[in-house]
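A single structure is presented below for examination.
The values are calculated or read from the model by the stated rules, or taken from the named source; none is laboratory data. Given the structure is predicted, the values throughout are model-derived calculations rather than measurements. Cβ placement follows ideal geometry from the backbone for every residue including glycine, while neighbour counts extend to all protein chains displayed. Heads up: the accessible areas ignore ligands, DNA and RNA and are worked out on the full protein's heavy atoms, side chains in. Shrake-Rupley method; radii C 1.70, N 1.55, O 1.52, S 1.80 Å.
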Number of protein chains: 2
Amino acid sequence: MSDTPSAATRAPAPGRAAFDRDEQRRRKREAVLRVAASAFNRRGFANTSMDDVASVLGVSKPTLYQYFKSKQELLYACHQVAMDNGEAGLALAAAHDGTGLEKLIIYLRRYMEGIFGDLGNCPVLTDVDSLAPEDRANVVARRKRISAATKELIALGVADGSIGPCDPKLASLFALGVVNWIPAWYRDSGPNTPEEIMESFAALLISGLAAPASPKPTRKRAKSQA
Amino acid sequence: MSDTPSAATRAPAPGRAAFDRDEQRRRKREAVLRVAASAFNRRGFANTSMDDVASVLGVSKPTLYQYFKSKQELLYACHQVAMDNGEAGLALAAAHDGTGLEKLIIYLRRYMEGIFGDLGNCPVLTDVDSLAPEDRANVVARRKRISAATKELIALGVADGSIGPCDPKLASLFALGVVNWIPAWYRDSGPNTPEEIMESFAALLISGLAAPASPKPTRKRAKSQA
DNA sequence: AGCTAGCCTGACTCATCAGTAAATATAACT
DNA sequence: AGTTATATTTACTGATGAGTCAGGCTAGCT
């Protein structure tokens, strides 16, 4: 990694150099997180050793500890990214002026985008038990809030008539299940793009599987629209 | 060795004793599996030691090895139970004479029942990587078949008009996601019964979240499509 | 009683990692 | 050049946990 910084590190202020260093450090930290998250996702947290992560990055294990103080902190960072995505979606939904159903879909789309992103796809999500106790409490509380907000969004939709009568709690678990399970099967190399998946899932969430109208429509017209 | 040919033809006593022993053994094996599955589900496979399982049962670790040759075999058994449930559901669906949508719901209900049962709720499902290589191949292949059958069921429904136009592959992942995520949040002590959950989820799968007809619910009559 | 066979246990072995210490390389600035 | 701060490595430690072994207990048979 002979990163030639000759471009910007000429005569200028020592401040610049310090900035570059910080920037480098930030990038490296993110690289570690990205690789670790990916490995955790594929093989599971417990099945991934720090040596594994290090070897993918082409460095030695102690280097990782330069950027994360422990393996658990790495896991915690994964959780934070996922929760950030959830909260970002909620913020987007709150900002949108529309029905509860619209808000819900906006939220879930944003959340899914996060999941499809390199960093966000954490089946590690399930692995709350591997966190340090204090981190776990933190994560559980934050996820509870996100989950409650999802429920509220649905309750709102039921109230404004955009969502049919249902138990908002169960409906939120339904919706989040669909989304949270994505990392369990999605592969970059798969046949469907994230956009296709988000589109299909949003449609299925909204309208379900049942055919729109007639019970036995023999005439099958090619509907080229979703 | 010592295959007593007199077992069944002689006095009743020896046969009975042997039977009782086998029966005992079977029950104990099942108890081990149940406890292990429960522990794996709550704390994760890797976070559960054989000593943990043993102590819950009030026996010592080597005893477990009397019934399962390794921890991985225990995990494999969990997977098998889950897959048995899936296949049982598929068989039920195949036996039912109705639309593709009906078959799909019958299948998923049965599958969910398995998940709610003591033994079947395996978030361990995700942990394919902790299996022995040969077991893993087996599990992956079998799950692929189940997954393909689910897709076929949906394709059938699309063909017979009971299911709206959609990509059967994505729709199956959608449906299985909802179901497979259940173990991640369901607790016996929770407010909802398995029946309520199955009912709600089946309804949501079929009709989605959107309110049935008009934005202002007047009367749900024939829906005209634009 | 005495023998046999299966079941169970305490006390090990051995491998795998998370995390650390000390030494070495690299860059940044004077 | 020398000096300092940072980055990275090799080589360890210590803990945890899967799986084993040799002996002991108990139930059933003769």
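Look at residue B:158 and say whether it is aliphatic (A, V, I, L, M), part of a helix (DSSP H, G or I), modelled with pLDDT under 90 and over 23 Å from residue B:185 (Cα atoms). Lay out the reasoning, then the answer.
Values: aliphatic (A, V, I, L, M): yes; part of a helix (DSSP H, G or I): yes; modelled with pLDDT under 90: no; over 23 Å from residue B:185 (Cα atoms): yes.
No, not satisfied.
Another question, then. When only residues in the range B:94-106 that are assigned to a helix (DSSP H, G or I) and within 14 Å of chain A (Cβ to nearest Cβ) count, which is most open to solvent (accessible area, probe 1.4 Å)? Give the steps one after another, and end with the answer.
Initial filter on the range B:94-106 (assigned to a helix (DSSP H, G or I)): B:94-95, B:100-106.
With the extra rule that they be within 14 Å of chain A (Cβ to nearest Cβ), the set shrinks to B:100-106.
On the way: B:100: 0, B:101: 21, B:102: 85, B:103: 30, B:104: 0, B:105: 20, B:106: 46 Å².
Checked the range B:94-106; the qualifying residue most open to solvent (accessible area, probe 1.4 Å) is B:102.
I've got another one for you. Kindly indicate whether any position in the range B:51-61 is of a type in the set (Val, Ile, Thr), closer than 27 Å to residue A:126 by Cβ and surrounded by 20 or more Cβ atoms within 10 Å (Cβ to Cβ). Break it down stepwise before answering.
The initial filter retains those residues of the range B:51-61 that are of a type in the set (Val, Ile, Thr), namely B:53, B:56, B:59.
Imposing the further condition that a residue be closer than 27 Å to residue A:126 by Cβ reduces the set to B:53, B:56.
With surrounded by 20 or more Cβ atoms within 10 Å (Cβ to Cβ) added as a condition, the list becomes B:53.
Taking every residue of the range B:51-61 in turn, at least one turns out to be of a type in the set (Val, Ile, Thr), closer than 27 Å to residue A:126 by Cβ and surrounded by 20 or more Cβ atoms within 10 Å (Cβ to Cβ).
Which members of the range B:53-78 meet the condition of being within 9 Å of DNA strand C (Cβ to nearest atom) and among the aliphatic types (A, V, I, L, M)?
Filtering the range B:53-78 for residues within 9 Å of DNA strand C (Cβ to nearest atom) gives B:54, B:57-67.
Residues satisfying the conditions are B:54, B:57, B:59, B:64.
As an exercise: evaluate residue B:170 against (1) within 22 Å of the chain's Cα centre (by Cα); (2) facing chain A (nearest Cβ under 7 Å); (3) modelled with pLDDT under 95 and give the number of the one condition it does not meet.
Exception for residue B:170: condition (3).
Output the qualifying pairs, or none if there are none: Cβ atoms under 9 angstrom, residues six or more apart or on different chains, first residue in the range B:174-187 and open to solvent by less than 20 Å² (accessible area, probe 1.4 Å), second residue outside any helix (DSSP H, G or I).
From residues that are open to solvent by less than 20 Å² (accessible area, probe 1.4 Å), the pairs are B:174/A:209; B:174/B:166; B:175/A:209; B:182/B:121; B:183/B:120; B:183/B:121; B:183/B:122.
What number of residues in the range B:189-212 are more than 7 Å from every other protein chain (Cβ to nearest Cβ) and either under 15 Å from residue B:164 (Cα atoms) or in a helix (DSSP H, G or I) (or both)?
Number of matching residues: 7.
Right, next: Restricting attention to the range A:55-70, which residues are among the basic types (Lys, Arg) and more than 12 Å from DNA strand D (Cβ to nearest atom)? Lay out the reasoning, then the answer.
We begin by selecting, within the range A:55-70, every residue among the basic types (Lys, Arg); these are A:61, A:69.
Matches in the range A:55-70: A:69 only.
Name the pairs: first residue in the range B:21-43 and within 14 Å of chain A (Cβ to nearest Cβ), second residue acidic (Asp, Glu) and near DNA strand C (Cβ under 10 Å from one of its atoms), Cβ to Cβ under 9 Å, at least 6 apart or on different chains?
Once the first residue is within 14 Å of chain A (Cβ to nearest Cβ) and sits in the range B:21-43, no partner that is acidic (Asp, Glu) and near DNA strand C (Cβ under 10 Å from one of its atoms) comes close enough.
Continuing with this model, one more query. Of the residues that sit in the range A:35-49 and are part of a helix (DSSP H, G or I) and surrounded by fewer than 17 Cβ atoms within 10 Å (Cβ to Cβ), which one is nearest to DNA strand D (Cβ to nearest atom)? So that I can check it myself, show each step before the final result.
Keep residues of the range A:35-49 that are part of a helix (DSSP H, G or I), which gives A:35-43.
Okay, now just the ones that are also surrounded by fewer than 17 Cβ atoms within 10 Å (Cβ to Cβ), so A:42-43.
Working: A:42: 21, A:43: 17 Å.
My answer is A:43.
Taking the criterion of being under 26 Å from residue A:132 (Cα atoms) and under 20 Å from the mean Cα position of the chain (by Cα), would at least one residue in the range A:90-102 satisfy it? Reasoning before the result, please.
Of the residues in the range A:90-102, the ones under 26 Å from residue A:132 (Cα atoms) are none.
No, there is no match, as no residue in the range A:90-102 is under 26 Å from residue A:132 (Cα atoms) and under 20 Å from the mean Cα position of the chain (by Cα).
Right, residue B:141: hydrophobic (A, V, I, L, M, F, W, C) and more than 12 Å from every other protein chain (Cβ to nearest Cβ) or not? Before the answer, list the steps.
Details: hydrophobic (A, V, I, L, M, F, W, C): yes; more than 12 Å from every other protein chain (Cβ to nearest Cβ): yes.
Answer is yes for this residue.
May I ask you to list pairs of residues, at least six apart or on different chains, whose Cβ atoms are under 7 Å apart, with the first in the range A:47-62 being within 14 Å of another protein chain (Cβ to nearest Cβ) and the second being open to solvent by less than 80 Å² (accessible area, probe 1.4 Å)?
Qualifying pairs under 7 Å: A:47/B:46; A:47/B:129; A:47/B:130; A:48/A:39; A:48/A:40; A:52/A:39.
Quick check: is even one residue across the range B:192-199 more than 20 Å from the chain's Cα centre (by Cα), farther than 19 Å from residue B:103 by Cβ and surrounded by fewer than 16 Cβ atoms within 10 Å (Cβ to Cβ)?
Filtering the range B:192-199 for residues more than 20 Å from the chain's Cα centre (by Cα) gives none.
Within the range B:192-199 (the criterion being more than 20 Å from the chain's Cα centre (by Cα), farther than 19 Å from residue B:103 by Cβ and surrounded by fewer than 16 Cβ atoms within 10 Å (Cβ to Cβ)), the answer is no, since none of the residues qualifies.
Being more than 12 Å from DNA strand C (Cβ to nearest atom), touching a Leu at 6+ places or on another chain (Cβ under 7 Å) and over 19 Å from residue A:43 (Cα atoms) is the filter here, so list the residues in the range B:36-52 that pass it.
Of everything in the range B:36-52, those that are more than 12 Å from DNA strand C (Cβ to nearest atom), touching a Leu at 6+ places or on another chain (Cβ under 7 Å) and over 19 Å from residue A:43 (Cα atoms) turn out to be B:36, B:37.
Out of (1) more than 12 Å from DNA strand D (Cβ to nearest atom); (2) within 12 Å of another protein chain (Cβ to nearest Cβ), the odd one out for residue A:90 is which?
(2)
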